[in-house]
Every structure is written in structure tokens, then in C-alpha cells.
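Some notes on the structure that comes next.
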Amino acid sequence: MISIIVPVYNMEKYLETCMESLMEQTYEDFEIILINDGSTDGSGTICEKWAAKDRRVRLLHQENKGLAAVRNVGLELAR
């Protein structure tokens, strides 16, 4: 299995395109870890929609801690 860590911070404009691209891959044995790092736009809602839509999508909401912290949390959650 491959774990794809997607840091999310105010990506409302691009998040749908990103997720659609990931879901269109032919390789299916993967998980997507969305980490919403305190977004103040609609990114959190989009993340929740994708997590509810596909069991391979895992979601974590957290207060804004910055990109390095998001990467570290993603690595801890990766299977």
C-alpha cells in the first residue's frame, strides 16, 4: 500500500482538482491522508466530502502548525 499525504491549508480553489487527479490513478492500493492544517476557507468541508465518499481517504483536522508539522503527523498516520 502507498500512503499519500496531502497537507491542506486554504486550498479550496485547488483541492477538488487535486483529489480528482489522485482518484483517477489506475493503481488502487493506496490511502490518502488529508491533513487540514487550520484552513479558514472551505477546504475543511471539501476534505470531509472526500473522506465520506471513499474509504481510502483519511482526514485529520488540526490547528495551524505549519507544513513541517503536517508532514510529521502524516508520517505517523501512514500505514
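Within segment 37-79, the GluC sites (Glu not before Pro) that combine a DSSP coil assignment with at most 10 other C-beta atoms in a 10 angstrom radius are GLU63. Each label point was placed 7 Å from the Cα along the Cα-to-Cβ direction; for SER21 and LYS65 their separation is 2.6 nm.
Given points 7 Å out from each Cα along the Cα-Cβ axis, report the THR45 to ILE2 separation in nanometres with one decimal. Each label point lies 7 Å from its Cα, and together they span 3.2 nm. Of the trypsin sites (Lys or Arg not before Pro) in segment 17-56, the ones in a loop by DSSP (not H, G, I, E or B) with at most 10 other beta carbons within 10 Å are ARG55. Considering Cα pairs under 8 angstrom that are at least six residues apart, work out the relative contact order of the chain and quote it in whole percent. Computed over the chain, the figure is 39 percent. Shape of the chain from the C-alpha gyration tensor: oblate (a/c of 1.5 or more and a/b not above b/c, with a ≥ b ≥ c the square roots of its eigenvalues).
Counting only protein heavy atoms and using a 1.4 Å probe, what share of the accessible area of the chain belongs to carbon plus sulfur, as a whole percent? Carbon with sulfur: 50 percent of the solvent-accessible area. Stretched out straight at 0.36 nm per residue, the stretch from LEU77 to PHE30 would grow longer than its current Cα-Cα span by 15.6 nm.
The values are calculated or read from the model by the stated rules, or taken from the named source; none is laboratory data. Since this is a predicted model, take the numbers as computed values, not measurements. Neighbour counts are summed over all protein chains in view; Cβ atoms, including those assigned to glycine, are modelled from backbone coordinates with ideal geometry. Each accessible area value is taken on the protein alone, full model and side chains, heavy atoms only, with ligands, DNA and RNA left out. Shrake-Rupley method; radii C 1.70, N 1.55, O 1.52, S 1.80 Å.
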